[in-house]
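These notes concern the structure reproduced below.
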Amino acid sequence: MAKSINVSGRMSVERFNDEFQKAFGVRCNVKISKWVNADGKATLASIRPKDFKGPSKVDLSIVGNMTVGTLKKRFEENFGVMIELYIGRKIAPDDVTIGAIREGRAKASKGEKINKTQSEQSLEKDSQPKSINTSESPETTTVKIEIIFEEHTRAVNVLDVPFDKKIDISNFNSDSYSDIIEDEEFIKKAKASIEGADDWRYDLYQTDLEMMGQDYYDDLDKDMSLDYIKNCMDAGDYLIIRIVGVGDKDLSFLSISRDNDEKNENHENFLKGTVFETKLTDEDFEDFYNERMSVNLLALEYVLNYEG
């Protein structure tokens, strides 16, 4: 199997992600901001920021002994965007190599090597609080939510909600989605994440960027805050919450940014095993899908006022 790959600006984001995983056995994600993933169909050159000062032609070689931090730095220098590598469900630290992640020698929490000496393992074990049995601690699953102005069909924030439940994503469908979004503890966690968020945007995905220009969004974003959103709701605006990711399960096909895309096998699989199950080729597929999604939404106002 390949131990290096060459990356050019003509390569699509989706192809880069696939080739990286095939070469190194490590999952990665290209992002244009902290909360926004790059469009898989776009080329790496096309997602560069408008004011990008880097080289116009890129031939970046990535090798297994490169550290995560070095890769992130070179990716930003060449394309002006972010890249994240993952160890399981967690983001890999900067000080481990790609090869160490592949071989299972890296930890996500502190970037330490897993193959420690016995004395190091014993010391670490002794330093743990005696009253806590860590093996019985609940596993936290990160649920990614998207907050949307319904009438204006634009997203104002995407947040990670830490949910203290282990969720099986192997056969994840719309019933699994409903189990999460109707869960009292999830709603409480979502409320806390929303109240602590500070990166509110007028239109997160800047859907009219070519027509309106960056200055238009920059000016509107200056006033965006949770208080601003609450004032909009008081004035009659309706905001909703969707889940667009659960652990390693990518549900971005449910995002408002994909609303105008044609339905595909992701949408069909989302209905599988439920009373709404239909084939993509059936005439009533769209009706079944829309009916299912209509109950898989949360009102932002409901969540913010939730008392249990």
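Numbers at a glance
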quantity	calculated
Length-normalised contact order for the chain - Cα pairs under 8 Å, 6+ apart - percent	14
Neighbourhood net charge (15 Å Cβ-Cβ; Lys/Arg +1, Asp/Glu -1) for I187	-4
Solvent-accessible area, 1.4 Å probe, carbon plus sulfur percent, for the stretch 176-221	41
Potential lengthening between Y238 and E262 on full extension [0.36 nm per residue; Cα-Cα distance subtracted]	6.1 nm
Contour excess over end-to-end distance, with Cα ends at K222 and K34 and 0.36 nm allotted per residue	65.9 nm
Surface per residue (accessible, 1.4 Å probe) for the chain, Å²	58
Normalised contact order of the stretch 149-307, rounded percent, pairs of Cα under 8 Å and 6 or more residues apart	31
Computed [θ] at 222 nm, helices only, for the chain once each DSSP H run of length n ≥ 4 contributes -39500 (n - 2.57)	-9000 deg cm²/dmol
Cα centroid separation, the stretch 172-202 to the stretch 1-55 (Å)	29
With eigenvalues of the C-alpha gyration tensor scaled by 5 and rooted, the stretch 184-308, Å	29, 21, 13
Alpha carbon Rg of the chain, scaled by the compact-globule rule 2.2 N^0.38 Å	1.10
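The values are calculated or read from the model by the stated rules, or taken from the named source; none is laboratory data. Quantities reported herein were computed from a predicted structural model and do not represent experimental measurements. Ideal geometry is used to build each Cβ from the backbone, glycine not excepted, and the neighbour counts take in all protein chains shown. Accessible surface areas use protein heavy atoms only, side chains included; no ligands, DNA or RNA. Shrake-Rupley method; radii C 1.70, N 1.55, O 1.52, S 1.80 Å.
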